[in-house]
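The values are calculated or read from the model by the stated rules, or taken from the named source; none is laboratory data. Bear in mind that the values here come from a model prediction, so they are computed numbers and not experimental data. All Cβ positions, even for glycine, are placed from backbone atoms using ideal geometry, and neighbour counts span all protein chains on display.
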Amino acid sequence: MNIPDIIVAVDGYSSTGKSTFAKLVADKYSFLYLDSGALYRGVTLYALEHGIIAEDGAIDEAGLKASMDSIELDFRTDGTYLGDRCVEKDIRTLEVSSHVSPISAIPFVRAFVDDKLHAFGKKKRVIMDGRDIGTTVFPDAEVKIFMTASAEVRAQRRFDEMKMKGEDPVFEDVMKNLLERDYIDSHREVSPLTRAADAYVMDNSDMTLHEETVWFQGLCQGKFGILE
Ligand code: DC
């Protein structure tokens, strides 16, 4: 199927499988995949490693603001980099997950990440996943998808993912972190997680990956008049 050079925005709650879906579409249709959450996670990892987040979770906002110019975040083929270090694994720990939502609610952090995303978006033929891509970062994206799934299904997915990575998570902790992030992400003042009015909703609680790609294909066929 010949999809034109467009921007696809994939937003939705935590652990709805946005990145798995976006990577699949990127592979199948030769799009550049960008994980905006990885940039918020990278800033959070930096803050944790530089004493900007206290034991009790309090954030030294002035300290973080003063450090923003030193945070060198980039995407390379093998993942997210902080300076010369590949941090793809380090940004996915429960520790980073439990601090990333308050960090991503800070307006200057959002401006920092948005600048990077806009630069990548200039390339077009991009699929980007996050919370506010279709509403704030690329409000003119040609295709907007809002992904959702039940909390139980999402927590189980995150739990299985962590187990696979050799971690030893407690299901209740994973669920608690997920619900907390849902709440903070959708109630923050700047760019809260919300469905863009023109986004197509995909509830993938009971969908296979194959069904998700068929769904996307159908959407593009209808939208761009593609016949194959
Ligand atoms: O997609 P993720 O779970 O890796 O995202 C990590 C956090 O980053 C998530 O809790 C909210 C935040 N985020 C955001 O606020 N806006 C985005 N576009 C992407 C992620």
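Among residues of region 179-204 that are within 12 Å of the ligand (Cβ to nearest atom), those with a Cβ under 7 angstrom from a residue that is among the aliphatic types (A, V, I, L, M) and part of a helix (DSSP H, G or I), sequence gap 6+ or separate chain, pair up as 179/151. Residues that are farther than 20 Å from residue 53 by Cβ, away from the ligand (no atom under 12 Å from the Cβ) and either part of a helix (DSSP H, G or I) or not hydrophobic (A, V, I, L, M, F, W, C) (or both) within region 81-108 comprise 81, 84, listed in sequence order. Looking only at region 8-24, residues that are surrounded by 22 or more Cβ atoms within 10 Å (Cβ to Cβ) and either of a type in the set (Val, Ile, Thr) or closer than 19 Å to residue 198 by Cβ (or both) come to 9 in all.
Have a look at 141, 111 and point out the one that is within 13 Å of the ligand (Cβ to nearest atom), among the small types (Gly, Ala, Ser), closer than 27 Å to residue 31 by Cβ and in contact (Cβ under 8 Å) with a residue 40 or more places away in the chain.
Values: 111 fails: in contact (Cβ under 8 Å) with a residue 40 or more places away in the chain.
Of the residues listed, the single one that is within 13 Å of the ligand (Cβ to nearest atom), among the small types (Gly, Ala, Ser), closer than 27 Å to residue 31 by Cβ and in contact (Cβ under 8 Å) with a residue 40 or more places away in the chain is 141.
Applying the criterion of at least 2 residues that are touching a strand residue (DSSP E or B) at 6+ places or on another chain (Cβ under 7 Å) and surrounded by 12 or more Cβ atoms within 10 Å (Cβ to Cβ) to the helices (runs of 4 or more DSSP H) found wholly in region 129-228 leaves 209-224. Once region 1-11 is narrowed to residues that are more than 9 Å from the ligand (Cβ to nearest atom) and within 12 Å of residue 145 (Cα to Cα), the residue that is farthest from the chain's Cα centre (by Cα) is 7.
When restricted to residues that are assigned to a helix (DSSP H, G or I), more than 22 Å from residue 159 (Cβ to Cβ) and not aliphatic (A, V, I, L, M), region 7-34 contains 3. Of everything in region 27-52 that's free of Cβ contacts under 8 Å to residues at least 40 places away in the same chain and hydroxyl-bearing (Ser, Thr, Tyr), which residue is nearest to residue 120 (Cα to Cα)? Filtering region 27-52 for residues that are free of Cβ contacts under 8 Å to residues at least 40 places away in the same chain and hydroxyl-bearing (Ser, Thr, Tyr), the one nearest to residue 120 (Cα to Cα) comes out as 29. When residue 124 is tested against the conditions (1) modelled with pLDDT of 95 or more; (2) more than 12 Å from the ligand (Cβ to nearest atom); (3) not in a helix (DSSP H, G or I), the lone failure is (1).
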